[in-house]
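The values are calculated or read from the model by the stated rules, or taken from the named source; none is laboratory data. Everything numeric in this text was worked out from a predicted model, so none of it was measured. Neighbour counts are summed over all protein chains in view; Cβ atoms, including those assigned to glycine, are modelled from backbone coordinates with ideal geometry. Quick note on the areas: whole protein, heavy atoms, side chains included, nothing else; ligands and nucleic acids left out. Shrake-Rupley method; radii C 1.70, N 1.55, O 1.52, S 1.80 Å.
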Amino acid sequence: MKKSLPSKNGISEDFDKIAKKYDLTNRVISLGFDISWRKKLLKLIDAKYNAKIIDLACGTGDVSFMLFDKFPQSEIIGADLSEGMLAVAKHKAAKRGIKDIEFVKADILDMPFDDTRFDVSTMVFGLRNLPDLEAGLKEISRVMKPSGRCYFMEFSVPRNPIMRLLHRIYIEAFIPVIGSYLTGDVDMYQYLGTTIKELPQPEQIVEMMKKHFTGAEFKRIFMGMVTIYLLVK
């Protein structure tokens with residue numbers, strides 16, 4: 001039986017367990033493409049000199065570090081609910097000698113930040129883990145400044161029937177086997193496949209986004225297996 005992780009505590013605790021091998025597992029199950037996907041997202045981001053940027057569901061900090069490299073004069077916060085993931089991110093920052101990224105524990109559904117604080121937000125592969133997508137989008141909108149921009153990336157199910165079949169084999173067979181081998185936790189990687197299949201299609205997600213943002217659009221990449229969302233408050 002596939003594991004369901006409906007509660008935020010369940011999600012964070014299970015991510016704690018795989019945190020130390022999370023980066024390696026990401027590289028392997030994405031065949032290394034996850035790096036190029038993140039770079040593609042970063043190319044879209046435009047931020048002013050002293051922007052306030054939050055990397056939501058930052059995990060082990062990969063996108064936070066990319067933001068720091070591109071916008072070194074900005075205030076950058078990496079936020080995640082998993083203490084294990086944050087510990088890895090902080091360790092990576094220490095190894096690089098980076099002291100200007102603040103990594104904080106935060107629940108996206110109830111963030112400890114003032115209204116209209118951030119100019120830019122990013123979230124990579126975090127939408128599908130929100131227990132309540134609608135509530136999460138509303139809370140993200142709350143902390144964004146007027147005209148603030150959000151750049152999100154998430155897995156999606158391809159439209160093409162052949163690609164959809166290959167994608168299903170990939171998430172139901174390949175990912176759980178490799179994830180289990182590398183981390184010892186097959187449930188988490190079965191959960192990954194389940195959340196990808198159960199997440200609404202990009203068209204539906206954009207309609208949700210438009211309830212809380214003045215502008216929202218999406219673009220599919222990598223044969224429709226990944227989708228980038230661009231939002232303006």
Q.
Taking the conditions exactly as written (at pLDDT 95 or above and either surrounded by fewer than 19 Cβ atoms within 10 Å (Cβ to Cβ) or out of contact with any helix residue (DSSP H, G or I) (no Cβ under 7 Å at 6 or more places or on another chain) (or both)), does P146 satisfy them or not?
A. yes
Q. When you look at A87, is it within 24 Å of D14 (Cβ to Cβ), open to solvent by 20 Å² or more (accessible area, probe 1.4 Å) and more than 15 Å from the chain's Cα centre (by Cα), yes or no?
A. yes
Q. Can you tell me which of V157, V120, V124, V206 is open to solvent by less than 60 Å² (accessible area, probe 1.4 Å) and without any contact (Cβ under 8 Å) to a residue 24 or more places away in the chain?
A. V206
Q. Does D55 qualify as being among the acidic types (D, E), open to solvent by 30 Å² or more (accessible area, probe 1.4 Å) and modelled with pLDDT of 90 or more?
A. no
Q) Taking G136 and the conditions (1) closer than 20 Å to D107 by Cβ; (2) touching a residue at least 40 places away in the same chain (Cβ under 8 Å); (3) buried (at least 20 other Cβ atoms within 10 Å of the Cβ), which numbered condition does it fall short on, given that it satisfies the others? A) (2)
(Q) Being open to solvent by less than 20 Å² (accessible area, probe 1.4 Å) and among the charged types (D, E, K, R) is true for just one of D69, D14. Which residue is that? (A) D14
Q) Can you name the condition, by its number, that V232 falls short on among (1) in contact with a helix residue (DSSP H, G or I) (Cβ under 6 Å, 6 or more places away or on another chain); (2) within 21 Å of A57 (Cβ to Cβ); (3) open to solvent by less than 50 Å² (accessible area, probe 1.4 Å)? A) (1)
Q: Please work out if A89 is part of a helix (DSSP H, G or I), in contact (Cβ under 8 Å) with a residue 24 or more places away in the chain, touching an Asp or Glu at 6+ places or on another chain (Cβ under 8 Å) and of a type in the set (A, V, I, L, M).
A: yes
**Q.** Residue identified as under 17 Å from M111 (Cβ atoms) and of a type in the set (D, E, K, R) among K48, K99, K52, K70
**A.** K52
Q) Could we say that P131 is assigned to a strand (DSSP E or B), more than 20 Å from W37 (Cβ to Cβ) and touching a residue at least 12 places away in the same chain (Cβ under 8 Å) here? A) no
Q | Qualifying residues in the range 174-203 (those that are of a type in the set (S, T, N, Q) and under 19 Å from the mean Cα position of the chain (by Cα)) - the one surrounded by the fewest Cβ atoms within 10 Å (Cβ to Cβ) | A | Q201
